[in-house]
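Every number in this text was worked out from the coordinates using simple rules, so none of it is lab data. What you see is a predicted model; the values in this text were computed from it and never measured.
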Amino acid sequence: MSDPTPDPVPHEPEAAQLGPAFPAASKTGGSRLYSSLALLLALAAFALAAWQWHDSRGQLDTLRQELARKLAVADTQTRDGQLIAKQILDAGDELRVKIGVLENKLADSQNQQIALEALYQELSRNRDEWTFAEIEQSLQLASQQLQLAGNVKAALIAMANAEARLQRMDHPQLAALRKTLSRDIERLKALPHVDAVGISVRIDTLITAVDTLPLAMEARPMPEPAPVAGADIHPNPWVRLWREAWGEIKQMVRIQHMDKPDVPLLAPSQSFFLRENLKLRLVGARLALLTRDQTSYKADLKASSDWLAKYYGTGDKSVDTALATLRTLLDGEITIEVPEISATLEALRSYRAAARERPGR
């Protein structure tokens, strides 16, 4: 088949065709311009969106990294915080234990303080009573020393102690008692002093010297001076022989003048017992001195002096010195009239009795 040939269109004049085509061409060109502008705007918007998306993605990555870093730091801090919290909890537990111990100790301390306060109050209430009891004990000791041993020095020490305690109490009501005590102290100070220590030392010296004192039977005459060699040499040998023989004979017999014609002869054992008995006599005299027993004291010294004069060589210097010492000791007195301090004791006991009867005691 062949296509039918269209009918030829009559050609219009060129001017007529150009005239009406100008408006159509203008309309097509405007649409294309609008399309291009729209395309450009779309491309620009797409580019802007792409740029914004890329920028947002970069910022998002940066934020993600920053967030990851901060989360890591926060995680580290959280772990550190947990560790610190655990340490704080442990420290809190330990502190609670210590606080419990301290509370127990505080309770014990408070109980002890309460007990001490009660004890202090009790001591405060009984302080004066105890002080008076100590003062009375001191006065009783002074009285015993005076009456039993005659020891004035010990009695003065005890009474001075009692006076010092009364002075520390500083009560006006004690003025009369202190006056009585001071008067007794002055009476004791006015008594003659007996040097018991010095006498005891002298007796000890005699006891030590007993073993060295010579007995009367042991006394020997002074030996004759030896002749000077060559001073009396006789030319006759028979005379010299006679003189030597006579000298030997004179050495065999001694004639001695004795001041004591009845010197007792003692065996060695008797001499030993004589010295020991003499020591015992002197020891007895020293004990009597300490107890102020003047009768026994003088009896022992008198017996010791008699034994020295009878059995020992009185011509010896040491024996004479011992005899002189014994005579001096015999002439001395070891006892004195001591005053009574019962008035002071009675005054103290009366004051204590009156103090107990006062209200509030």
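Straight-line cross-link reach from residue 86 at under 20 Å between alpha-carbon atoms covers these lysines, not counting any fewer than eight positions away in the same chain: 98. Pairs exceeding a 22 Å alpha-carbon distance, out of 279/302; 279/317; 153/179; 250/317: 250/317. Summarising the amide proton neighbourhood of residue 312: residues at separation of 5 or more, or on other chains, whose placed amide H is nearer than 5 Å comprise 216. Extents of the stretch 75-122, largest first, come to 68, 10, 5 Å (Cα atoms, principal axes, whole angstrom).
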